[in-house]
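> I have a structure I would like to understand better, so I am pasting it below and will then ask my questions one at a time.
The values are calculated or read from the model by the stated rules, or taken from the named source; none is laboratory data. Worth saying up front: this structure is predicted, and the values here are computed from it rather than measured. Positions of Cβ are generated from backbone atoms using ideal geometry, with glycine treated the same way; all protein chains shown enter the neighbour counts. Side chains are part of the model used for accessible areas, which takes the heavy atoms of the whole protein and leaves out ligands, DNA and RNA. Shrake-Rupley method; radii C 1.70, N 1.55, O 1.52, S 1.80 Å.
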Amino acid sequence: MSVQRIRNKVLAGAAALALGAGLFAGLAPLASRASSHREAPLTAADPQIDNTDVYAFVSPDRPDSVTLVSSWIPFEEPTGGPNFFLWAEHTNYDIDISNDGGTNPDIIYRWKFTTHYRNPSTFLYNTGPVTSLNDPDLNIYQTYDLWKITKGHKKQLLHDEIVAPSNVGNGSMPGYNSNLFNAATTSFGGANPSYSWVGQSDDPFFLDLRVFDLLYGGDLSETGDDSLAGFNVNTFALQVPTKDVTKGDETTIGIWSTASRRSMKIDNGDGTQSFEGKTVQVSRLGNPLVNEVVIPVGLKDYFNSSKPKADGAALPLVQDPELPHLLHAVYGTEVPDSDPDADGVQRADLIQVFLTGVPTLNQPANVAASEMLRLNTAIAPCTTACSSLGVIGGDVAGFPNGRRLSDDIIDVSLRVVLGVLLTPHQALADTIGDGVDANDVSFLSSFPYVAYPHSGSDPTPHP
């Protein structure tokens, strides 16, 4: 499907925008759990390896570079002390990149964390006002090493860089944004540098999650409020020159994020732990909502441990997903036809969006169907008339061509599942949404782009 055809579909559906906007305004996240927040039984019980979201986009203020963002640990309450939110030790946090259309990572960026205690004899996270990353009053802090792994070759890019701490509050961390958050950005790589940042941020994802209260209260009265407003996440962001992640003439890269660690954790009976066994993958995320909306509950933990090369087994779930059937059962909406088309392909639109990329937009020349974000790095970032609906809104720099922080993933994903890319399609597919169209706070205009975390001093962080 060409980019022009997608744009034409958007324009052709404009006349139907009012249809169904009221009744169905709150239905978008029927089967989601805030992208990958608590999406599977094992990660819900182990939030340090719960990858909430992955973002990949051409840097808007530096278009010869790509920015990769990965967030972890959902629903961080700003006042959640005294044990504030730390990255897991003994864990590989990876961003994986395929640059040849295949299912194996050609490049891996890996973060590993170490926790430090200046004074283990106090319960305090900080023992006084913290005004710099090296402030001795920051009692508990973390450092990280960053590696680049290419075809088995491992190169250390950064060593013992300091993580921006959780935003305890104005008394503990005056000037947090400039003194700690901004100060955590570091550069490497010479004249055309790369940038790394790790710390706590506002949760960039936005949606209304009250679907679990009997489908928005049973009468659609509980819609239009951002359920993640006021919550933070742990995030790492990386900006690298485009040439560092692409290969030859292929401009599209596939991106997903994983966590892996030793298979056995041993509690020693004295408060210490040790780790043994082979290293196994325990978390995986590429496209948002796939493990929530497409993968059934009995396979969610398996998906987190699986590799893209095994994704062919999930093809029937992508071709005929459960979500449209749920909408039909509850509200009588139409279920898009999943019978094979003239080429013998079922729901080619869904296969392109979630498995292969869209032809002439972000499909690699030698693509193998697998679940990952696909970003065409040759498409310039949007500067005017941008749409939070991305490609279906006429903005080819947005989702599913990568994913920007501002992309309205819930509205886009539901409309695609309901057939907005099909000809013809039900008018509702052009309008359905959850009534939450933007983040609760503004994103930054430069790296690392994520918004500052909510402060523990805020008495009402969740409006």
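> If I filter region 401-433 down to residues being among the acidic types (Asp, Glu) and in a loop (DSSP other than H, G, I, E, B), which single residue comes out as surrounded by the most Cβ atoms within 10 Å (Cβ to Cβ)?
Asp407
> Which one is modelled with the lowest pLDDT, of the residues in region 244-264 that are among the charged types (D, E, K, R) and either touching an Asp or Glu at 6+ places or on another chain (Cβ under 8 Å) or surrounded by 24 or more Cβ atoms within 10 Å (Cβ to Cβ) (or both)?
Within region 244-264, the first condition is being among the charged types (D, E, K, R), and the residues that meet it are 244, 247, 249-250, 261-262.
Subset that is either touching an Asp or Glu at 6+ places or on another chain (Cβ under 8 Å) or surrounded by 24 or more Cβ atoms within 10 Å (Cβ to Cβ) (or both): 247, 250, 262.
Details: Lys247: 97, Glu250: 97, Arg262: 94.
Ranking the qualifying residues of region 244-264, first place goes to Arg262.
Matching residues to (1) surrounded by fewer than 23 Cβ atoms within 10 Å (Cβ to Cβ); (2) closer than 25 Å to Tyr55 by Cβ; (3) touching a helix residue (DSSP H, G or I) at 6+ places or on another chain (Cβ under 6 Å):
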site	(1), (2), (3)
Phe275	yes, no, no
Lys278	yes, no, no
Gln281	yes, yes, yes
Arg284	no, yes, yes
Pro288	no, yes, yes
Val294	yes, yes, yes
Ser305	yes, yes, no
Asp311	yes, yes, no
Gln319	yes, no, no
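> Under the condition of being part of a loop (DSSP other than H, G, I, E, B) and either open to solvent by less than 10 Å² (accessible area, probe 1.4 Å) or closer than 18 Å to Arg404 by Cα (or both), which residue from region 178-217 is modelled with the lowest pLDDT? Spell out the reasoning first.
Initially, region 178-217 is screened for residues part of a loop (DSSP other than H, G, I, E, B), giving 185, 189-193, 203-209, 213.
Cutting the leftovers down to either open to solvent by less than 10 Å² (accessible area, probe 1.4 Å) or closer than 18 Å to Arg404 by Cα (or both) gives us 203-208.
Numbers: Asp203: 97, Pro204: 97, Phe205: 95, Phe206: 94, Leu207: 87, Asp208: 78.
Checking each candidate, the answer is Asp208.
> Do we have Asp437 as charged (D, E, K, R), at pLDDT 90 or above, closer than 27 Å to Tyr331 by Cα and out of contact with any strand residue (DSSP E or B) (no Cβ under 9 Å at 6 or more places or on another chain) here?
Details: charged (D, E, K, R): yes; at pLDDT 90 or above: yes; closer than 27 Å to Tyr331 by Cα: yes; out of contact with any strand residue (DSSP E or B) (no Cβ under 9 Å at 6 or more places or on another chain): yes.
Yes.
> Of all residues in region 165-177, which are crowded, with 23+ Cβ neighbours inside 10 Å and either assigned to a loop (DSSP other than H, G, I, E, B) or free of Cβ contacts under 8 Å to residues at least 60 places away in the same chain (or both)?
Initial filter on region 165-177 (crowded, with 23+ Cβ neighbours inside 10 Å): 165-168, 172-173, 176.
Passing the criteria: Pro165, Ser166, Asn167, Val168, Ser172, Met173.
> Kindly indicate the residue of region 365-400 that is surrounded by fewer than 24 Cβ atoms within 10 Å (Cβ to Cβ) and under 17 Å from the mean Cα position of the chain (by Cα) and also farthest from Asp411 (Cα to Cα) among those meeting that condition.
Ala397
> Within the bounds of region 89-101, is there any residue that is open to solvent by 10 Å² or more (accessible area, probe 1.4 Å) and over 23 Å from Pro308 (Cβ atoms)?
Taking every residue of region 89-101 in turn, at least one turns out to be open to solvent by 10 Å² or more (accessible area, probe 1.4 Å) and over 23 Å from Pro308 (Cβ atoms).
> Continuing with this model, one more query. Say whether the condition of being in contact with an Asp or Glu (Cβ under 9 Å, 6 or more places away or on another chain) and free of Cβ contacts under 8 Å to residues at least 24 places away in the same chain is met by at least one residue in region 111-123. Give the steps one after another, and end with the answer.
If we filter region 111-123 for residues that are in contact with an Asp or Glu (Cβ under 9 Å, 6 or more places away or on another chain), which is where we start, we get 111-115, 118.
Subsequent filtering for residues that are free of Cβ contacts under 8 Å to residues at least 24 places away in the same chain retains 118.
Yes; the residues of region 111-123 include at least one that is in contact with an Asp or Glu (Cβ under 9 Å, 6 or more places away or on another chain) and free of Cβ contacts under 8 Å to residues at least 24 places away in the same chain.
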